[in-house]
Amino acid sequence: MKKIIALTIIATFVLTGCNTVAGIGKDVQKAGQAVQGASGH
């Protein structure tokens with residue numbers, strides 16, 4: 001029973017981590033586009 005709970009918690013952290021990394025990637029991409037727009041490229 002404890003193994004199932006532990007695996008569920010680990011899976012939740014892994015999935016949340018992936019979503020967070022994807023969110024950061026989108027933010028960085030938007031920032032890069034803003035810089036390109038400001039530089040006229």
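All of (1) modelled with pLDDT of 85 or more; (2) surrounded by fewer than 10 Cβ atoms within 10 Å (Cβ to Cβ); (3) not hydroxyl-bearing (Ser, Thr, Tyr) hold for Leu7 with one exception: (2).
Hey, any hits in region 34-41 for a residue that's more than 17 Å from the chain's Cα centre (by Cα), of a type in the set (S, T, N, Q) and surrounded by 10 or more Cβ atoms within 10 Å (Cβ to Cβ)? If you could, list the steps in order and put the result at the bottom.
The first filter runs over region 34-41 and keeps only residues more than 17 Å from the chain's Cα centre (by Cα), leaving 34-41.
Within this subset, residues satisfying the condition of being of a type in the set (S, T, N, Q) are 36, 39.
From what is left, the residues that are surrounded by 10 or more Cβ atoms within 10 Å (Cβ to Cβ) are 36.
For region 34-41, residues more than 17 Å from the chain's Cα centre (by Cα), of a type in the set (S, T, N, Q) and surrounded by 10 or more Cβ atoms within 10 Å (Cβ to Cβ): present.
The residues on offer are Gly25, Gly40, Gly32, Gly17, and the sole one that is out of contact with any helix residue (DSSP H, G or I) (no Cβ under 9 Å at 6 or more places or on another chain) and on the phi > 0 side of the Ramachandran plot is Gly40.
Filtering Val21, Val28 for residues that are part of a helix (DSSP H, G or I), at pLDDT 75 or above and either out of contact with any Gly (no Cβ under 6 Å at 6 or more places or on another chain) or charged (D, E, K, R) (or both) leaves a single hit, Val28.
The values are calculated or read from the model by the stated rules, or taken from the named source; none is laboratory data. Here the structure is a predicted model, which means the values were calculated and not measured. All Cβ positions, even for glycine, are placed from backbone atoms using ideal geometry, and neighbour counts span all protein chains on display.
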